[in-house]
Amino acid sequence: MLSNKLMGRNFFGILNDLKRDFSTAACELGIDTSLLQRYIDGREEIPHELIVKASQIWPVNIRDFYVFEDDARSGALIMTNEQSERSSRVLDRGGRPYYEYRDTAMSRTSLFRPEWIKELLVVDNNDPNSEELCWNNGHFLHQFTYFIGPVNFYYEHGGKRFCVQTNTGDSMYITPYIPHTFATRKNEARELGVILALTYGVRLMGDAQQELAVLGLNSASDFLINYSDGGASGSLIRFFREQLSMPLDILAKKVGLSLKYMQSIEDGRDIIPTVDELRSVAKVLGVSVRDLMPVVSSDPVINLSYEQARRWNYPDESGLYTFVELASTPKLPYSKGLEVTVRPGETSSLKTLGHQYIYNIGESRVGLSWESSYDRQVEYEYIYPRDSVYMKPCVKHRFISDNGIGRLLVMRIGGRLSGDTQHELSLLDRSGLERVCGELVPWYNKEGKH
Ligand SMILES: [Fe+2]
């Protein structure tokens, strides 16, 4: 089985990191070396009891031994509208049906949790303090939302409640833990509003969240970078200086700035350091200037009307795709929501490093051709209206319209490899890249290497 192979390689990597050769590891685990070899080669499934034993004798977690199950081996995973309908459930709030939820395409390999949600509460006013509304408590996942029909979007921020009246094509981004709710605006057509609520995790999800839970709230708050008053660089300088246990006056002297000035920078008071000053500080601290730069801070809620959205044709002015850029925030640079119009003809291929979610928001079927990430064969499937797709990063694909003009909602997110992880990966050489994808080599050779 493939997962046995992946678990074996992962186990091999753990033994390398723990500096255990096979005979030492087998002896500590109380098994034959030949049996350990079969686990590593993926010829036999590693029993859970052995993993529990390993976690008791070595400083590793049980979850470290388990690997992702690849449910999108060909590169794409399609969920039809019929399959979505079968997942329908109506959830009550305040004693009455409030939302109908349906799952849409999602994969074990990505951090997307996208839902189709129908707003069952119909309101005849736009009052964010209306008693009819039932609010949530906010949630951990980031949320991008695409609106279909007359939907009111309500959110609470800074002790105030807001209502945004949206229509088809409008979109929003909302930061985790901001309370919000949605309702249908009363309309003559008696149409119920629908949202595509694409919730997703970024880098805090998974291992980082586990580490924070272990550290506890006090330590977690120590990690906060001061994003008020332009003090972010000061927080970052302090973090790296404390990593070195270097007194501030020594840093100031080496940089050629006064102690008072350096203190003001670190405290985030009055002074925002220049790029030249950051360059000098970075050099003394042995880091990249980039490590001392803040990300762009932005509003916790971004609303974008369809009319205001930027748009362009791809790959050029006469290209058959039109992209409309939907709501996004610069603090999540890898997350981009797009509406794509596909006109009939020979379309260009597309490829992105992002995990991709696709939903057919139009009335026409759209062909999806992609190069399988498993065997490089070209696959072809139709995405019918209200079908959805999850697509892995780096999969070359094309949208083809052979029956009217196609309209798709596309959301791309960075996943676990974006940002600093991508830099770390890129600084490995080619053989390192192969080994990080699945360890096959011991960290040293017993017979010696000269
Ligand atoms: Fe939500």
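The values are calculated or read from the model by the stated rules, or taken from the named source; none is laboratory data. All values derive from a computational prediction rather than experimental measurement. All Cβ positions, even for glycine, are placed from backbone atoms using ideal geometry, and neighbour counts span all protein chains on display.
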In region 159-189, what residues are within 26 Å of SER388 (Cα to Cα) and not in a strand (DSSP E or B)? ASN167, THR168, GLY169, ASP170, THR175, PRO176
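Check region 153-163 and report whether any residue there is away from the ligand (no atom under 13 Å from the Cβ), over 23 Å from the mean Cα position of the chain (by Cα) and among the charged types (D, E, K, R).
First, the residues of region 153-163 that are away from the ligand (no atom under 13 Å from the Cβ): 157-163.
This time we only want the ones that are over 23 Å from the mean Cα position of the chain (by Cα), so: 157-163.
When the remaining residues are screened for being among the charged types (D, E, K, R), the result is 160-161.
Checked region 153-163: at least one residue is away from the ligand (no atom under 13 Å from the Cβ), over 23 Å from the mean Cα position of the chain (by Cα) and among the charged types (D, E, K, R).
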Name every residue in region 33-70 that is β-branched (Val, Ile, Thr) and outside any helix (DSSP H, G or I), in order of residue number. ILE46, VAL60, VAL67
For LEU141, are the conditions met, namely being surrounded by 18 or more Cβ atoms within 10 Å (Cβ to Cβ), within 13 Å of the ligand (Cβ to nearest atom) and of a type outside the set (Val, Ile, Thr)? yes
Out of the residues in region 164-213 that are more than 16 Å from the chain's Cα centre (by Cα) and among the aromatic types (Phe, Trp, Tyr), state the one that is surrounded by the most Cβ atoms within 10 Å (Cβ to Cβ). PHE182
State the number of residues belonging to region 190-214 that are modelled with pLDDT of 95 or more and among the small types (Gly, Ala, Ser). 2
Under 6 Å by Cβ, and 6 or more places apart or on different chains, what pairs join a residue from region 221-250 that is outside any helix (DSSP H, G or I) with one that is among the polar types (S, T, N, Q)? ILE225/SER235; ASN226/SER235; TYR227/SER297
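Filter region 164-207 down to the residues that are more than 15 Å from the ligand (Cβ to nearest atom) and polar (S, T, N, Q), then identify the one that is nearest to GLU325 (Cα to Cα). Steps first, please.
Pass one, region 164-207, residues more than 15 Å from the ligand (Cβ to nearest atom): 165, 167-170, 184-192, 202-207.
Within this subset, residues satisfying the condition of being polar (S, T, N, Q) are 165, 167-168, 184, 187.
Working: GLN165: 20, ASN167: 16, THR168: 14, THR184: 25, ASN187: 28 Å.
Checking each candidate, the answer is THR168.
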Give me the pairs, please: first residue somewhere in region 136-154 and closer than 11 Å to THR175 by Cβ and outside any strand (DSSP E or B), second residue anywhere and within 10 Å of the ligand (Cβ to nearest atom) and hydrophobic (A, V, I, L, M, F, W, C), beta-carbon distance under 8 Å, and either six or more positions apart or on two chains. GLY138/ILE178
Somewhere in region 69-77, is a residue under 16 Å from SER3 (Cβ atoms), in contact with a helix residue (DSSP H, G or I) (Cβ under 7 Å, 6 or more places away or on another chain) and in contact (Cβ under 8 Å) with a residue 40 or more places away in the chain? yes
Being touching a residue at least 60 places away in the same chain (Cβ under 8 Å), more than 13 Å from the ligand (Cβ to nearest atom) and either surrounded by fewer than 18 Cβ atoms within 10 Å (Cβ to Cβ) or aliphatic (A, V, I, L, M) (or both) is the requirement here; does GLY216 meet it? no
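Of everything in region 190-202 that's in contact with a Leu (Cβ under 9 Å, 6 or more places away or on another chain) and part of a loop (DSSP other than H, G, I, E, B), which residue is farthest from SER418 (Cα to Cα)? Reasoning before the result, please.
Initial filter on region 190-202 (in contact with a Leu (Cβ under 9 Å, 6 or more places away or on another chain)): 192, 196, 198-202.
Of the ones still in play, those that are also part of a loop (DSSP other than H, G, I, E, B) are 192, 201-202.
Working: LEU192: 38, GLY201: 13, VAL202: 9 Å.
Checked region 190-202; the qualifying residue farthest from SER418 (Cα to Cα) is LEU192.
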